[in-house]
1. Can you tell me which residue is farthest from residue 56 (Cα to Cα) among those in region 383-395 that are in contact with a strand residue (DSSP E or B) (Cβ under 6 Å, 6 or more places away or on another chain) and surrounded by 15 or more Cβ atoms within 10 Å (Cβ to Cβ)?
2. For residue 305, are the conditions met, namely being surrounded by 15 or more Cβ atoms within 10 Å (Cβ to Cβ), out of contact with any helix residue (DSSP H, G or I) (no Cβ under 9 Å at 6 or more places or on another chain), at pLDDT 95 or above and within 23 Å of residue 462 (Cα to Cα)?
3. Among the residues that make up region 302-311, is at least one of them assigned by TED's automatic domain parsing to the domain that holds residue 78, over 18 Å from the mean Cα position of the chain (by Cα), more than 19 Å from residue 412 (Cα to Cα) and touching a residue at least 12 places away in the same chain (Cβ under 8 Å)?
4. Which residue is surrounded by the most Cβ atoms within 10 Å (Cβ to Cβ), if the candidates are limited to region 255-270 and must be free of Cβ contacts under 8 Å to residues at least 60 places away in the same chain and out of contact with any helix residue (DSSP H, G or I) (no Cβ under 6 Å at 6 or more places or on another chain)?
5. Assess whether residue 420 counts as being out of contact with any helix residue (DSSP H, G or I) (no Cβ under 8 Å at 6 or more places or on another chain), surrounded by 17 or more Cβ atoms within 10 Å (Cβ to Cβ) and either without any contact (Cβ under 8 Å) to a residue 60 or more places away in the chain or not assigned by TED's automatic domain parsing to the domain that holds residue 441 (or both).
6. Counting only residues that are under 30 Å from residue 440 (Cα atoms) and touching a residue at least 24 places away in the same chain (Cβ under 8 Å), give me the helices (runs of 4 or more DSSP H) lying completely in region 31-131 with at least 3 of them.
7. Tell me which of these residue 231 doesn't satisfy, since it passes every other one: (1) surrounded by 21 or more Cβ atoms within 10 Å (Cβ to Cβ); (2) free of Cβ contacts under 8 Å to residues at least 40 places away in the same chain.
């Protein structure tokens, strides 16, 4: 049965590469057979570097059950990924040369000589494929391209980046479940100080070369995106017009609660030529808020599951083609018996417990909600809100609807009534639902009629809710189904 399922996934995805692509409207993603693809990612940056076979399989099984479809992992990992071996004592490169993968004949995991670093990467990619999941593969973390911060070492230039890209593309040319992600928490264009003088750094040519290497093997249709560092360093600011960049991305990050990525989504989608965009690293669940300034206290606190929901739902409702969730102790696979904690605040959870965190279990309800209504015609529309829209990250209400007006969804970050212009939804009679973002349960209210302005009050329990209003004649199932 396992062999059949593997072959089935290979068949439906199409052999080779490019199993997702930009939809014709240039705002969303789809599979090669034209079905909606809502990117629900998980940041598993150190997956190849810090996890055993058994641990990686455990993570994949759990994340699959939680509805994730993209696991983002780095071939040359951030934390000493070139000079520190993986859990089996293997290094990725020969003499720190990215044109020479350190490989040995055979791949038997019972034979330490045969089972090399890249065999381990292969194993994890294949295990994800068995669950129908993609690996968002970063060929390297950004500190191997530019030493703005981090351990490095800087090993890439334009020439070897292209060779390395082609080597990885050849190795994984038969794997249907690869999504290529360049970057790795570094901007492509930046300012840096050299001997006290601020100068501009520009690594666009190196990343372009890596993309060229990938496309030289897999073709120009290969889907490639980029993971930038946080804040102002969005791909739209620096590499939007690069021919190889299929999807924009940004990182709203972990520095403050005040980030407003819904605004970034709107700005990104307004740039021509239009490309899909998403928040590839919103606030991580259980991440201390801005731990880098040396002033963190328990009062400043951690990002909660609510913080994650409130940021992610509004970004998606603004038009993002998906989102990447993250947990602070998952991306680093925190195991204090093996590795020191990175920016831990005052709480150690450990990855085996963190994998079951509240927010991680709740993300599937967002994906289910988005896919339960006509997908490609969804647009943001704040004009349907006729009560206070809000002014900050605390209270801004966000609305999205079908451009054919068959449904509308409104995210309420606070448990307060909202007034909606019903003329934005077709039909004499309109079905009304309250969608619980914590459980995925939809509560049906009495239908409403007419095209006037109507007030709606969410259930008393729960801080945040989604109001869903449908044209009753469309006979949609409950939201999330």
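1. 386
2. On the way: surrounded by 15 or more Cβ atoms within 10 Å (Cβ to Cβ): yes; out of contact with any helix residue (DSSP H, G or I) (no Cβ under 9 Å at 6 or more places or on another chain): no; at pLDDT 95 or above: yes; within 23 Å of residue 462 (Cα to Cα): yes.
No: the conditions fail for residue 305.
3. Within region 302-311 (the criterion being assigned by TED's automatic domain parsing to the domain that holds residue 78, over 18 Å from the mean Cα position of the chain (by Cα), more than 19 Å from residue 412 (Cα to Cα) and touching a residue at least 12 places away in the same chain (Cβ under 8 Å)), the answer is yes, since at least one residue qualifies.
4. So the residue we want is 264.
5. Details: out of contact with any helix residue (DSSP H, G or I) (no Cβ under 8 Å at 6 or more places or on another chain): no; surrounded by 17 or more Cβ atoms within 10 Å (Cβ to Cβ): yes; either without any contact (Cβ under 8 Å) to a residue 60 or more places away in the chain or not assigned by TED's automatic domain parsing to the domain that holds residue 441 (or both): yes.
So residue 420 does not fit the description; no.
6. On the way: elements: 47-50, 53-65, 117-130.
Passing ranges, in order: 53-65, 117-130.
7. That leaves (1) as the condition not met.
Table: residues versus (1) surrounded by 17 or more Cβ atoms within 10 Å (Cβ to Cβ); (2) out of contact with any helix residue (DSSP H, G or I) (no Cβ under 9 Å at 6 or more places or on another chain); (3) assigned by TED's automatic domain parsing to the domain that holds residue 416.
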| position | (1), (2), (3) |
| --- | --- |
| 444 | no, yes, yes |
| 455 | no, yes, yes |
| 459 | no, yes, yes |
| 462 | no, yes, yes |
| 468 | yes, no, yes |
| 480 | yes, no, no |
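The values are calculated or read from the model by the stated rules, or taken from the named source; none is laboratory data. Small disclaimer: the values here were computed from a predicted structure and weren't measured. Neighbour counts run over all protein chains shown; Cβ positions are idealised from the backbone, glycine included.
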